[in-house]
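Notes for the one structure printed next.
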There are 2 protein chains.
Amino acid sequence: MSGENTESEVFKKPVVVVVDPKTPGNIGTIARAMKNFGLEELLLVDPPELHRDSEAYGFAGHAREDILPNAREVTFDEVVNNYHTIGCTAITGEDSRRHIRYPFKTPVEIKQDLRTLSAPTAIVFGREGTGLSNEELAQIDQICSIPASDEYPVLNLGQAATVLLYELRELTIAETQLPDVTQTRAAEPDIERLYGYLSEFLAAQGYNDRKTEKTTRLIRRLIGRTHPTDREVHTLMGVFRRANAQLNHRQELLERYDEPDTLSSHTNP
Amino acid sequence: MSGENTESEVFKKPVVVVVDPKTPGNIGTIARAMKNFGLEELLLVDPPELHRDSEAYGFAGHAREDILPNAREVTFDEVVNNYHTIGCTAITGEDSRRHIRYPFKTPVEIKQDLRTLSAPTAIVFGREGTGLSNEELAQIDQICSIPASDEYPVLNLGQAATVLLYELRELTIAETQLPDVTQTRAAEPDIERLYGYLSEFLAAQGYNDRKTEKTTRLIRRLIGRTHPTDREVHTLMGVFRRANAQLNHRQELLERYDEPDTLSSHTNP
């Protein structure tokens, strides 16, 4: 498993707060994203009823087992008083003349900031449609905005939360599901042996030295940029070893039976 | 508007393909993410009926006006034959022994790859629940997997698409909604003038030179790391200029009326 993502000594996992959500489905989507990206604590300000058969549970995936039933109802003031707050908004201030939505940070910048921050932190999302109000944003410590298309920058609530939590994953996930992919390039001596087989393959077909050298170089460039794995190189070596043996055997047969070689590059350069 | 994201000369915007989706809502979510992150062409293999009053249109935001009604139905074979295909899967191969789900790339690596690729490209997502089948993945050119929690790496279809399209945004969005935030730190001479006002502010309260110097240094470090904007520095200069005038005026009043100064650091160090 990948060790790319390690928890910092300093960093504390943020809680996620949703203010005045209208749609149970979005709460489920956010809970699922939290579970996918290693967060645990969900706080809700003025939530709708979350029945076991609501879309909240339908959309939560495995988060229906823990994050969603453990979600706590809180007031906005409790959040502001107890956490360093990061509020998310699609629409930011245009410049530094007004402060409610400015300065803002992108998710990547928020991640860099949190990496060295030792404080209870809350990521705060607003209601669908209108987001956090200006009055709420004025009480928030930092503003986060997801860069998106100038023509339509407003993400759906659940999608915005998914993107931000994805971006914070390096802080919140100790182990991803992905195997560690460093060092998967096959050993260089094996790759060189493969190039040897390929040169033989070309020569066995009757290419002259110059053409063999030139084509081997082309193949070297092609394979070189794919960073072939051990398995790939050994599979290809097997394929070409067999092909070379059969090509050489064909030459033996031609000589043994004094057949003309109408297919070789010797005769058809 | 930010010029951070520029379209490459070489890069062509990928199309998005969803194979055998069951839930109209997910198609709407994907269409919305496409619109948020600058993509246009949606291809569907074996889709459900997408009525105007279905969740597809309900979840699509502004993409209900163009991307969703323009979505085309295609076969999987048409996609494989006409595009360089990138298939998304939560579960990858563990290592290089099997090739169906290996090697894989993360969304960041896919972005780097596409940056210099001039080919019609399709991002292919599978059905809810089971994703792309092994048979489908075997016909796909590159595998993409989103790093997520080892304990629960399976993202919802719409959320996975949102994350990947977000990550490709630098290639697909010419302009984000975010204002260009470079150079928002106020001019250094203005920041220095502010520190001057702050030193005066301390001295005016009766701090001795050593205490004033030490405290000014603390404030310099504090403000320095916030990269204050022009507006912030000028607002604070105004505040402290006024405060300093009033503090100095208090001293004049004390002297004029021969009042004892019981609050100053001169007397209460």
Candidate set: segment A:79-88, residues that are assigned to a strand (DSSP E or B) and hydrophobic (A, V, I, L, M, F, W, C); chosen: the one surrounded by the fewest Cβ atoms within 10 Å (Cβ to Cβ): A:Ile86
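So that you can scan it fast, the table gives a plain yes or no per residue for (1) within 14 Å of chain B (Cβ to nearest Cβ); (2) of a type in the set (Phe, Trp, Tyr); (3) closer than 28 Å to B:Thr226 by Cβ:
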site: A:Thr121; (1), (2), (3): no, no, yes
site: A:Leu137; (1), (2), (3): no, no, yes
site: A:Cys144; (1), (2), (3): yes, no, yes
site: A:Pro147; (1), (2), (3): yes, no, yes
site: A:Val154; (1), (2), (3): yes, no, no
site: A:Gln159; (1), (2), (3): yes, no, no
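Among A:Gln142, A:Gln177, which is the only one that is in contact with a Pro (Cβ under 9 Å, 6 or more places away or on another chain) and outside the structural domain of A:Glu109 (by TED's automatic domain parsing)?
A:Gln177
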Residue count for segment B:192-233, restricted to those that are at pLDDT 85 or above and touching a strand residue (DSSP E or B) at 6+ places or on another chain (Cβ under 8 Å): 0
Residue check, B:Leu164 touching an Asp or Glu at 6+ places or on another chain (Cβ under 8 Å) and within 23 Å of A:Asn26 (Cβ to Cβ): no
Failed criterion for A:Arg64 (all others in (1) modelled with pLDDT of 95 or more; (2) buried (at least 21 other Cβ atoms within 10 Å of the Cβ) hold): (2)
Which numbered condition B:Glu151 fails, given (1) assigned by TED's automatic domain parsing to the domain that holds B:Asn81; (2) surrounded by 14 or more Cβ atoms within 10 Å (Cβ to Cβ); (3) at pLDDT 90 or above: (2)
Filtered residue count, segment B:21-78, keeping only those that are within 14 Å of chain A (Cβ to nearest Cβ), assigned to a loop (DSSP other than H, G, I, E, B) and not basic (Lys, Arg): 9
Breaking point among (1) in contact with a His (Cβ under 8 Å, 6 or more places away or on another chain); (2) away from chain B (no Cβ under 14 Å), for A:Arg231: (2)
Helices (runs of 4 or more DSSP H) (entirely within segment B:89-207) containing at least 1 residues that are more than 21 Å from the chain's Cα centre (by Cα) and touching a residue at least 24 places away in the same chain (Cβ under 8 Å): B:134-138, B:188-204
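The values are calculated or read from the model by the stated rules, or taken from the named source; none is laboratory data. On a predicted model such as this, the values are computed, not experimentally measured, just so you know. Cβ atoms come from the backbone with ideal geometry, glycine included; neighbour counts cover every protein chain shown.
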